[in-house]
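The values are calculated or read from the model by the stated rules, or taken from the named source; none is laboratory data. This one's a predicted model, so the numbers in the text were calculated from it and none came from an experiment. Heads up, the Cβs are rebuilt from the backbone with ideal geometry, glycines too, and the neighbour counts pull from every protein chain shown. Ligands, DNA and RNA are excluded from the accessible area calculation, which covers all protein heavy atoms including side chains. Shrake-Rupley method; radii C 1.70, N 1.55, O 1.52, S 1.80 Å.
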Amino acid sequence: MSLPKRKRVSKKNKSAWRKTDIKDVEDFLEDKLRDERIGTFSEKQNEDIFHIDVIATESKRKLNTEKQKRKLNAIKPMKSWKGLENYSKVEDPIVKRNTVKQKKCGRDIEKEVCNPIRSRHFKANQDRAKYYEKVKERLKKKASGIPDINKDIWTDADFRDNIPGLKDEKGWISRDLSLYIAKNIGKPIIKVHDSIRHRTTKAKNFEPPHPGISYNPSLDDHQKLILKVVEKEENIIKGEKHLERVTTRMFKKVTPEEKEAFHMREMRSGFEDDDNEDTDDDIKNFQSNEDSTYQTSNPPVENKKKSKQARSKELKQKELEKKTLEKKMKKKQTVDINRIKSLKKEILEEEESLNALKKKRKKTALKKKYETKRLGRLKFIEQDEDVNMPEDLAGSMCNIKQESSLLIDRFKSFQKRNMLPVSVAVGKQKTPKVKRFPRSSHKDPGISYQMLREQRIVKKKVS
(Lines give C-alpha, C1' and ligand atoms only; values in the text may rest on other atoms or scores of the structure.)
Protein backbone atom coordinates (compact mmCIF):
# COMPACT_ATOMS: atom_id res chain seq x y z
CA MET A 1 0.00 0.00 0.00
CA SER A 2 1.43 3.31 -1.13
CA LEU A 3 1.45 6.19 1.31
CA PRO A 4 -0.85 9.12 0.43
CA LYS A 5 0.90 12.10 -1.05
CA ARG A 6 1.14 15.15 1.15
CA LYS A 7 -0.46 18.31 0.01
CA ARG A 8 1.93 21.17 -0.62
CA VAL A 9 0.24 24.01 1.25
CA SER A 10 1.64 27.39 2.11
CA LYS A 11 2.52 27.55 5.81
CA LYS A 12 3.13 31.24 5.93
CA ASN A 13 0.35 32.00 8.45
CA LYS A 14 -0.54 30.41 11.84
CA SER A 15 -3.86 29.08 10.55
CA ALA A 16 -1.98 27.04 7.92
CA TRP A 17 0.03 25.26 10.64
CA ARG A 18 -3.19 24.09 12.33
CA LYS A 19 -4.26 22.33 9.14
CA THR A 20 -1.08 20.23 9.05
CA ASP A 21 -1.73 16.49 9.71
CA ILE A 22 0.71 15.12 12.32
CA LYS A 23 -1.19 11.93 13.21
CA ASP A 24 1.47 9.60 11.85
CA VAL A 25 4.15 11.26 14.02
CA GLU A 26 1.97 11.00 17.16
CA ASP A 27 1.23 7.30 16.46
CA PHE A 28 4.93 6.58 16.01
CA LEU A 29 5.86 8.34 19.28
CA GLU A 30 3.08 6.55 21.15
CA ASP A 31 4.27 3.14 19.90
CA LYS A 32 7.78 3.99 20.93
CA LEU A 33 6.70 5.02 24.44
CA ARG A 34 4.64 1.83 24.82
CA ASP A 35 7.64 -0.26 23.79
CA GLU A 36 9.79 1.57 26.34
CA ARG A 37 7.19 1.11 29.05
CA ILE A 38 6.15 -2.53 28.44
CA GLY A 39 8.91 -3.80 26.18
CA THR A 40 8.83 -5.39 22.71
CA PHE A 41 7.84 -8.98 21.87
CA SER A 42 11.41 -9.78 20.83
CA GLU A 43 12.68 -8.92 24.33
CA LYS A 44 10.03 -11.00 26.19
CA GLN A 45 10.30 -14.73 26.73
CA ASN A 46 7.69 -17.33 25.84
CA GLU A 47 6.68 -17.88 29.51
CA ASP A 48 5.73 -14.21 29.83
CA ILE A 49 3.62 -14.17 26.65
CA PHE A 50 2.00 -17.65 26.66
CA HIS A 51 0.30 -19.65 29.41
CA ILE A 52 0.01 -23.46 29.39
CA ASP A 53 -3.40 -24.47 30.75
CA VAL A 54 -2.97 -27.96 32.27
CA ILE A 55 -6.38 -28.33 33.97
CA ALA A 56 -9.63 -27.51 32.21
CA THR A 57 -11.45 -24.42 33.41
CA GLU A 58 -14.68 -26.28 34.33
CA SER A 59 -12.91 -28.92 36.43
CA LYS A 60 -10.83 -26.14 38.03
CA ARG A 61 -13.99 -24.34 39.12
CA LYS A 62 -15.40 -27.54 40.59
CA LEU A 63 -12.28 -28.29 42.58
CA ASN A 64 -12.11 -24.87 44.31
CA THR A 65 -14.63 -24.32 47.07
CA GLU A 66 -15.59 -20.89 48.41
CA LYS A 67 -13.16 -21.20 51.33
CA GLN A 68 -10.28 -22.15 48.98
CA LYS A 69 -11.12 -19.23 46.69
CA ARG A 70 -10.99 -16.83 49.62
CA LYS A 71 -7.58 -18.17 50.60
CA LEU A 72 -6.28 -17.76 47.03
CA ASN A 73 -7.61 -14.20 46.85
CA ALA A 74 -6.01 -13.36 50.21
CA ILE A 75 -2.57 -14.36 48.84
CA LYS A 76 -2.97 -12.24 45.68
CA PRO A 77 -2.14 -8.51 45.85
CA MET A 78 -5.08 -6.12 46.16
CA LYS A 79 -6.58 -4.68 42.97
CA SER A 80 -6.75 -1.20 44.53
CA TRP A 81 -2.93 -1.24 44.78
CA LYS A 82 -2.37 -2.08 41.11
CA GLY A 83 -2.07 1.59 40.23
CA LEU A 84 0.93 1.85 42.55
CA GLU A 85 2.89 -0.92 40.75
CA ASN A 86 5.56 0.27 38.35
CA TYR A 87 5.28 -1.51 34.95
CA SER A 88 7.41 1.06 33.11
CA LYS A 89 10.72 0.01 31.58
CA VAL A 90 11.84 3.59 31.05
CA GLU A 91 15.18 4.21 32.70
CA ASP A 92 15.67 7.05 35.20
CA PRO A 93 17.20 10.00 33.28
CA ILE A 94 19.06 11.22 36.42
CA VAL A 95 21.26 8.31 37.48
CA LYS A 96 23.01 9.99 40.41
CA ARG A 97 19.91 11.23 42.24
CA ASN A 98 20.42 13.09 45.54
CA THR A 99 18.32 10.98 47.91
CA VAL A 100 17.62 12.73 51.22
CA LYS A 101 17.85 10.46 54.24
CA GLN A 102 15.51 11.52 57.01
CA LYS A 103 17.23 12.06 60.33
CA LYS A 104 16.02 9.98 63.25
CA CYS A 105 14.60 11.88 66.18
CA GLY A 106 16.20 11.12 69.55
CA ARG A 107 18.56 8.24 70.29
CA ASP A 108 19.13 5.27 68.00
CA ILE A 109 19.05 2.49 70.59
CA GLU A 110 19.61 -0.25 68.01
CA LYS A 111 22.84 1.40 66.82
CA GLU A 112 24.01 1.96 70.41
CA VAL A 113 23.50 -1.71 71.26
CA CYS A 114 24.99 -3.18 68.04
CA ASN A 115 27.84 -0.68 67.47
CA PRO A 116 28.63 1.06 70.80
CA ILE A 117 30.99 4.01 70.26
CA ARG A 118 30.69 6.23 73.33
CA SER A 119 31.39 5.33 76.93
CA ARG A 120 27.75 5.77 77.95
CA HIS A 121 26.74 3.22 75.28
CA PHE A 122 29.10 0.66 76.82
CA LYS A 123 27.74 1.51 80.28
CA ALA A 124 24.15 1.10 79.08
CA ASN A 125 25.02 -2.32 77.64
CA GLN A 126 26.65 -3.34 80.92
CA ASP A 127 23.59 -2.18 82.88
CA ARG A 128 21.38 -4.14 80.49
CA ALA A 129 23.47 -7.27 81.00
CA LYS A 130 23.29 -6.82 84.79
CA TYR A 131 19.53 -6.37 84.59
CA TYR A 132 19.10 -9.61 82.61
CA GLU A 133 21.33 -11.44 85.12
CA LYS A 134 19.11 -10.20 87.95
CA VAL A 135 16.02 -11.32 86.04
CA LYS A 136 17.53 -14.80 85.61
CA GLU A 137 18.38 -15.00 89.34
CA ARG A 138 14.84 -13.91 90.23
CA LEU A 139 13.35 -16.55 87.97
CA LYS A 140 15.61 -19.20 89.52
CA LYS A 141 14.52 -18.16 93.02
CA LYS A 142 10.87 -18.28 92.00
CA ALA A 143 11.39 -21.74 90.58
CA SER A 144 13.14 -22.95 93.73
CA GLY A 145 10.46 -21.33 95.96
CA ILE A 146 12.95 -19.75 98.40
CA PRO A 147 11.82 -16.23 99.52
CA ASP A 148 14.30 -13.34 99.55
CA ILE A 149 15.00 -12.83 103.27
CA ASN A 150 17.55 -10.01 102.89
CA LYS A 151 15.07 -7.71 101.13
CA ASP A 152 13.88 -4.79 103.28
CA ILE A 153 10.19 -4.17 102.53
CA TRP A 154 10.19 -0.71 104.16
CA THR A 155 12.88 0.86 101.96
CA ASP A 156 11.75 3.26 99.21
CA ALA A 157 12.77 1.38 96.06
CA ASP A 158 13.32 3.34 92.85
CA PHE A 159 11.69 1.72 89.80
CA ARG A 160 14.47 3.15 87.57
CA ASP A 161 16.96 0.68 89.10
CA ASN A 162 15.02 -2.22 87.58
CA ILE A 163 14.85 -0.78 84.03
CA PRO A 164 18.26 -0.30 82.33
CA GLY A 165 19.12 3.03 80.70
CA LEU A 166 16.60 5.09 82.71
CA LYS A 167 18.85 6.08 85.61
CA ASP A 168 22.00 8.02 84.75
CA GLU A 169 24.54 9.74 86.99
CA LYS A 170 24.19 13.18 85.37
CA GLY A 171 20.42 13.17 85.82
CA TRP A 172 19.48 14.02 82.24
CA ILE A 173 16.43 11.78 82.33
CA SER A 174 13.89 13.22 84.76
CA ARG A 175 11.51 11.13 86.86
CA ASP A 176 8.47 12.19 84.80
CA LEU A 177 10.22 11.23 81.55
CA SER A 178 11.26 7.85 82.97
CA LEU A 179 7.63 7.21 84.03
CA TYR A 180 6.50 8.01 80.49
CA ILE A 181 9.16 5.68 78.97
CA ALA A 182 8.26 2.86 81.37
CA LYS A 183 4.60 3.21 80.38
CA ASN A 184 5.41 2.96 76.65
CA ILE A 185 7.83 0.05 77.17
CA GLY A 186 5.01 -1.95 78.70
CA LYS A 187 6.07 -1.64 82.35
CA PRO A 188 3.70 1.04 83.69
CA ILE A 189 4.38 2.39 87.16
CA ILE A 190 1.55 3.90 89.17
CA LYS A 191 2.54 7.50 89.76
CA VAL A 192 1.98 8.35 93.42
CA HIS A 193 1.58 11.99 94.46
CA ASP A 194 4.76 13.56 95.86
CA SER A 195 3.00 14.56 99.10
CA ILE A 196 2.89 10.86 100.12
CA ARG A 197 6.71 10.73 100.11
CA HIS A 198 7.04 13.98 102.12
CA ARG A 199 7.21 13.75 105.88
CA THR A 200 4.66 16.01 107.54
CA THR A 201 6.08 15.61 111.05
CA LYS A 202 9.37 14.82 112.75
CA ALA A 203 7.63 13.08 115.64
CA LYS A 204 8.81 9.52 116.15
CA ASN A 205 6.47 6.55 115.86
CA PHE A 206 7.34 5.50 119.39
CA GLU A 207 8.95 7.94 121.80
CA PRO A 208 10.64 6.29 124.78
CA PRO A 209 9.08 7.44 128.10
CA HIS A 210 10.92 9.50 130.67
CA PRO A 211 13.06 7.31 132.98
CA GLY A 212 11.32 8.91 135.98
CA ILE A 213 8.05 7.11 135.06
CA SER A 214 9.62 3.73 135.89
CA TYR A 215 8.12 1.72 138.75
CA ASN A 216 11.52 1.83 140.49
CA PRO A 217 13.24 5.04 139.24
CA SER A 218 16.45 6.63 140.49
CA LEU A 219 16.14 9.71 142.70
CA ASP A 220 17.60 12.11 140.10
CA ASP A 221 15.31 10.88 137.31
CA HIS A 222 12.22 11.16 139.51
CA GLN A 223 13.17 14.66 140.67
CA LYS A 224 13.77 15.81 137.08
CA LEU A 225 10.35 14.51 136.02
CA ILE A 226 8.62 16.32 138.92
CA LEU A 227 10.47 19.57 138.05
CA LYS A 228 9.38 19.23 134.41
CA VAL A 229 5.73 18.74 135.39
CA VAL A 230 5.87 21.66 137.87
CA GLU A 231 7.37 23.98 135.24
CA LYS A 232 4.62 23.05 132.78
CA GLU A 233 1.89 23.69 135.38
CA GLU A 234 3.44 27.06 136.31
CA ASN A 235 3.33 28.14 132.67
CA ILE A 236 -0.36 27.17 132.44
CA ILE A 237 -1.16 29.15 135.63
CA LYS A 238 0.82 32.13 134.31
CA GLY A 239 -1.23 32.10 131.08
CA GLU A 240 -4.51 31.94 132.99
CA LYS A 241 -3.46 34.85 135.22
CA HIS A 242 -2.53 36.93 132.18
CA LEU A 243 -5.94 36.30 130.59
CA GLU A 244 -7.68 37.26 133.84
CA ARG A 245 -5.60 40.46 134.11
CA VAL A 246 -6.33 41.63 130.54
CA THR A 247 -10.05 40.72 130.66
CA THR A 248 -11.74 40.51 134.09
CA ARG A 249 -9.52 42.89 136.11
CA MET A 250 -9.65 45.62 133.46
CA PHE A 251 -13.21 46.45 134.51
CA LYS A 252 -14.04 47.83 138.00
CA LYS A 253 -16.77 46.39 140.16
CA VAL A 254 -19.95 48.47 140.60
CA THR A 255 -23.14 48.06 142.61
CA PRO A 256 -26.46 47.36 140.82
CA GLU A 257 -27.71 50.92 141.70
CA GLU A 258 -24.62 52.55 140.19
CA LYS A 259 -24.93 50.37 137.14
CA GLU A 260 -28.59 51.40 136.62
CA ALA A 261 -27.78 55.08 137.07
CA PHE A 262 -24.90 54.86 134.59
CA HIS A 263 -27.19 53.09 132.09
CA MET A 264 -29.88 55.83 132.39
CA ARG A 265 -27.27 58.59 131.99
CA GLU A 266 -25.90 56.88 128.91
CA MET A 267 -29.36 56.41 127.35
CA ARG A 268 -30.47 60.09 127.72
CA SER A 269 -27.10 61.76 127.11
CA GLY A 270 -27.90 62.70 123.50
CA PHE A 271 -31.28 64.30 124.22
CA GLU A 272 -30.00 66.89 126.72
CA ASP A 273 -27.19 68.08 124.44
CA ASP A 274 -29.53 68.43 121.45
CA ASP A 275 -32.02 70.53 123.46
CA ASN A 276 -29.27 72.94 124.61
CA GLU A 277 -27.89 73.27 121.09
CA ASP A 278 -31.37 74.03 119.64
CA THR A 279 -32.03 76.83 122.17
CA ASP A 280 -28.61 78.43 121.51
CA ASP A 281 -29.18 78.37 117.74
CA ASP A 282 -32.64 79.99 118.06
CA ILE A 283 -31.25 82.85 120.19
CA LYS A 284 -28.41 83.51 117.73
CA ASN A 285 -30.76 83.52 114.71
CA PHE A 286 -33.16 85.95 116.40
CA GLN A 287 -30.33 88.37 117.25
CA SER A 288 -28.84 88.25 113.74
CA ASN A 289 -32.28 88.89 112.12
CA GLU A 290 -32.76 91.95 114.28
CA ASP A 291 -29.29 93.40 113.50
CA SER A 292 -28.77 92.67 109.79
CA THR A 293 -30.92 92.82 106.68
CA TYR A 294 -32.31 89.87 104.76
CA GLN A 295 -29.66 87.61 103.06
CA THR A 296 -30.24 84.79 100.55
CA SER A 297 -28.86 81.32 100.99
CA ASN A 298 -26.88 81.72 97.69
CA PRO A 299 -25.30 85.20 97.76
CA PRO A 300 -24.08 86.66 94.41
CA VAL A 301 -20.51 85.81 93.38
CA GLU A 302 -18.18 88.60 92.22
CA ASN A 303 -16.02 87.92 89.13
CA LYS A 304 -12.76 89.43 90.32
CA LYS A 305 -10.14 89.18 87.53
CA LYS A 306 -6.43 89.41 88.18
CA SER A 307 -4.52 92.32 86.79
CA LYS A 308 -1.53 91.94 84.41
CA GLN A 309 0.85 92.97 87.16
CA ALA A 310 -0.50 90.26 89.51
CA ARG A 311 -0.25 87.60 86.80
CA SER A 312 3.33 88.52 85.95
CA LYS A 313 4.23 88.41 89.65
CA GLU A 314 2.70 84.92 89.93
CA LEU A 315 4.68 83.68 86.89
CA LYS A 316 7.94 85.10 88.30
CA GLN A 317 7.22 83.37 91.62
CA LYS A 318 6.64 80.03 89.90
CA GLU A 319 9.89 80.33 87.89
CA LEU A 320 11.79 81.21 91.06
CA GLU A 321 10.37 78.13 92.85
CA LYS A 322 11.33 75.95 89.88
CA LYS A 323 14.93 77.28 89.91
CA THR A 324 15.28 76.78 93.66
CA LEU A 325 14.03 73.17 93.28
CA GLU A 326 16.58 72.50 90.52
CA LYS A 327 19.36 73.95 92.68
CA LYS A 328 18.28 71.69 95.56
CA MET A 329 18.33 68.61 93.32
CA LYS A 330 21.83 69.44 92.02
CA LYS A 331 23.07 70.06 95.55
CA LYS A 332 21.62 66.71 96.63
CA GLN A 333 23.37 64.93 93.74
CA THR A 334 26.75 66.45 94.70
CA VAL A 335 26.17 65.49 98.34
CA ASP A 336 25.28 61.91 97.31
CA ILE A 337 28.48 61.65 95.21
CA ASN A 338 30.53 62.76 98.21
CA ARG A 339 28.86 60.24 100.52
CA ILE A 340 29.19 57.14 98.26
CA LYS A 341 31.04 55.23 100.98
CA SER A 342 28.33 55.82 103.56
CA LEU A 343 25.65 54.91 100.98
CA LYS A 344 27.45 51.64 100.23
CA LYS A 345 27.60 50.93 103.95
CA GLU A 346 23.86 51.60 104.30
CA ILE A 347 23.07 49.29 101.35
CA LEU A 348 25.23 46.50 102.83
CA GLU A 349 23.55 46.89 106.23
CA GLU A 350 20.13 46.75 104.60
CA GLU A 351 21.12 43.61 102.65
CA GLU A 352 22.41 41.97 105.83
CA SER A 353 19.18 42.74 107.69
CA LEU A 354 17.13 41.36 104.75
CA ASN A 355 19.24 38.18 104.65
CA ALA A 356 18.81 37.75 108.40
CA LEU A 357 15.05 38.19 108.01
CA LYS A 358 15.02 35.64 105.15
CA LYS A 359 16.91 33.10 107.29
CA LYS A 360 14.54 33.69 110.19
CA ARG A 361 11.47 33.25 107.98
CA LYS A 362 12.97 30.13 106.41
CA LYS A 363 13.63 28.70 109.87
CA THR A 364 10.07 29.43 111.06
CA ALA A 365 8.62 27.98 107.82
CA LEU A 366 10.69 24.79 108.30
CA LYS A 367 9.57 24.56 111.92
CA LYS A 368 5.93 25.09 110.90
CA LYS A 369 6.24 22.43 108.19
CA TYR A 370 6.90 19.67 110.72
CA GLU A 371 4.48 20.89 113.40
CA THR A 372 1.28 19.01 114.18
CA LYS A 373 -1.34 20.19 111.70
CA ARG A 374 -4.91 21.18 112.50
CA LEU A 375 -6.82 18.45 110.63
CA GLY A 376 -10.20 19.12 112.23
CA ARG A 377 -12.02 21.75 114.27
CA LEU A 378 -9.89 21.32 117.40
CA LYS A 379 -6.20 22.06 117.96
CA PHE A 380 -3.79 19.38 119.20
CA ILE A 381 -2.77 19.75 122.86
CA GLU A 382 0.20 17.81 124.16
CA GLN A 383 -0.69 15.02 126.60
CA ASP A 384 0.13 15.62 130.27
CA GLU A 385 3.19 13.81 131.58
CA ASP A 386 2.38 10.76 133.68
CA VAL A 387 3.99 10.99 137.10
CA ASN A 388 3.81 9.05 140.34
CA MET A 389 4.27 11.01 143.56
CA PRO A 390 6.96 9.79 146.02
CA GLU A 391 4.36 8.25 148.37
CA ASP A 392 2.82 6.27 145.46
CA LEU A 393 6.13 4.69 144.37
CA ALA A 394 6.45 0.95 144.92
CA GLY A 395 9.44 -1.32 144.65
CA SER A 396 7.59 -4.08 142.80
CA MET A 397 5.28 -4.14 139.77
CA CYS A 398 2.51 -5.85 141.78
CA ASN A 399 1.91 -2.84 144.05
CA ILE A 400 2.43 -0.10 141.43
CA LYS A 401 -0.31 2.51 140.93
CA GLN A 402 -1.34 2.72 137.28
CA GLU A 403 -1.24 6.29 135.87
CA SER A 404 -1.17 5.91 132.09
CA SER A 405 -3.03 3.95 129.40
CA LEU A 406 -1.29 2.36 126.43
CA LEU A 407 -4.37 2.80 124.22
CA ILE A 408 -4.62 6.56 124.96
CA ASP A 409 -0.87 6.95 124.39
CA ARG A 410 -1.08 5.34 120.91
CA PHE A 411 -4.21 7.37 120.06
CA LYS A 412 -2.47 10.63 120.99
CA SER A 413 0.61 9.56 118.99
CA PHE A 414 -1.57 9.15 115.87
CA GLN A 415 -2.99 12.64 116.41
CA LYS A 416 0.49 14.11 116.86
CA ARG A 417 1.75 12.48 113.64
CA ASN A 418 -1.17 13.96 111.58
CA MET A 419 -2.82 10.58 111.10
CA LEU A 420 -6.02 11.30 113.03
CA PRO A 421 -7.94 14.56 113.67
CA VAL A 422 -8.18 15.79 117.27
CA SER A 423 -11.48 14.74 118.85
CA VAL A 424 -13.24 15.13 122.19
CA ALA A 425 -14.45 12.18 124.22
CA VAL A 426 -18.25 12.20 124.13
CA GLY A 427 -19.95 10.43 127.04
CA LYS A 428 -23.21 8.53 127.07
CA GLN A 429 -25.95 10.84 125.86
CA LYS A 430 -29.25 10.86 127.73
CA THR A 431 -32.23 9.75 125.69
CA PRO A 432 -35.21 12.09 126.10
CA LYS A 433 -38.28 10.69 127.84
CA VAL A 434 -41.08 10.20 125.34
CA LYS A 435 -44.62 10.75 126.54
CA ARG A 436 -46.87 8.02 125.12
CA PHE A 437 -50.61 8.34 124.65
CA PRO A 438 -53.21 6.57 122.43
CA ARG A 439 -54.52 8.32 119.33
CA SER A 440 -58.00 9.77 119.40
CA SER A 441 -59.03 7.44 116.55
CA HIS A 442 -57.92 4.38 118.57
CA LYS A 443 -59.52 5.37 121.85
CA ASP A 444 -62.46 3.45 123.31
CA PRO A 445 -64.88 5.85 125.09
CA GLY A 446 -65.66 3.30 127.82
CA ILE A 447 -62.04 2.31 128.62
CA SER A 448 -59.38 4.78 129.77
CA TYR A 449 -55.66 4.64 128.91
CA GLN A 450 -54.78 3.80 132.51
CA MET A 451 -57.11 0.75 132.47
CA LEU A 452 -55.53 -0.52 129.23
CA ARG A 453 -52.06 -0.19 130.72
CA GLU A 454 -53.08 -2.11 133.88
CA GLN A 455 -54.57 -4.90 131.75
CA ARG A 456 -51.32 -5.18 129.74
CA ILE A 457 -49.25 -5.45 132.95
CA VAL A 458 -51.56 -8.20 134.27
CA LYS A 459 -51.25 -10.16 131.02
CA LYS A 460 -47.45 -9.98 131.20
CA LYS A 461 -47.44 -11.29 134.73
CA VAL A 462 -49.74 -14.18 133.82
CA SER A 463 -47.61 -15.19 130.81
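Structure data summary
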| item | result |
| --- | --- |
| Pair list, Cβ < 7 Å and 6+ apart or interchain, from the stretch 110-139 residues that are of a type outside the set (A, V, I, L, M) to residues that are modelled with pLDDT of 80 or more | none |
| Residue in the stretch 117-140 that is modelled with the highest pLDDT, counting only those that are open to solvent by 100 Å² or more (accessible area, probe 1.4 Å) and of a type in the set (A, V, I, L, M) | L139 |
| Residues located in the stretch 377-429, provided they are β-branched (V, I, T) and open to solvent by less than 70 Å² (accessible area, probe 1.4 Å) | V387, I400, V422 |
| Residues of the stretch 184-200 satisfying the condition of being at pLDDT below 80 and open to solvent by 100 Å² or more (accessible area, probe 1.4 Å) | I190, K191, H193, I196, R197, H198, R199 |
